[in-house]
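What follows is calculated from the coordinates using simple rules that are stated; it is not laboratory data. Just so it is clear, the model here is predicted, and its values are computed rather than measured. Cβ sites come from the backbone with ideal geometry, for glycine too, and all protein chains shown count toward neighbours.
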Amino acid sequence: AITASKKTRRFFYIDDGDVYTEKDVVNSQGRNYRIDRLIVFSKEVWVIDYKSSPRLKDQYLAQINEYVKAINYVYPDKQTKGFLFYMDNIEIEEV
């Protein structure tokens, strides 16, 4: 299962953070985004976007970078990391 894989486990079994799915955020220009999975820890925030495959990677990178910028605005005191989660081959790419 996807949640049991060693490489994906850390994104699903969270002991010390808050997990949000389909989280709506608004950037500083008022643009609304819906983040697939957002995990907020005491010092970090992980932004996770699910994709079927890396076929449109450049577009996905631009999208996740916009999400990260929006989250930086919401949590300015935390380090933000973005991840693309490819469901076809269960690969995770940190952006």
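Key figures for this structure:
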| read-out | value |
| --- | --- |
| Rounded to 5, the percent of DSSP beta bridges in the chain classed as antiparallel | 65 percent |
| Amide hydrogen neighbours beyond the local backbone of Val95, cut-off 5 Å, H modeled | Gly82, Phe83, Leu84 |
| Long-range amide H partners of Val45 with built H, under 5 Å | Gln79, Thr80, Lys81 |
| Cβ-Cβ FRET estimate between Ile90 and Lys43, R0 fixed at 22 Å, reported to 0.05 | 0.20 |
| The chain - Kirkwood radius from inverse mean 1/r over Cα pairs (Å) | 13.6 Å |
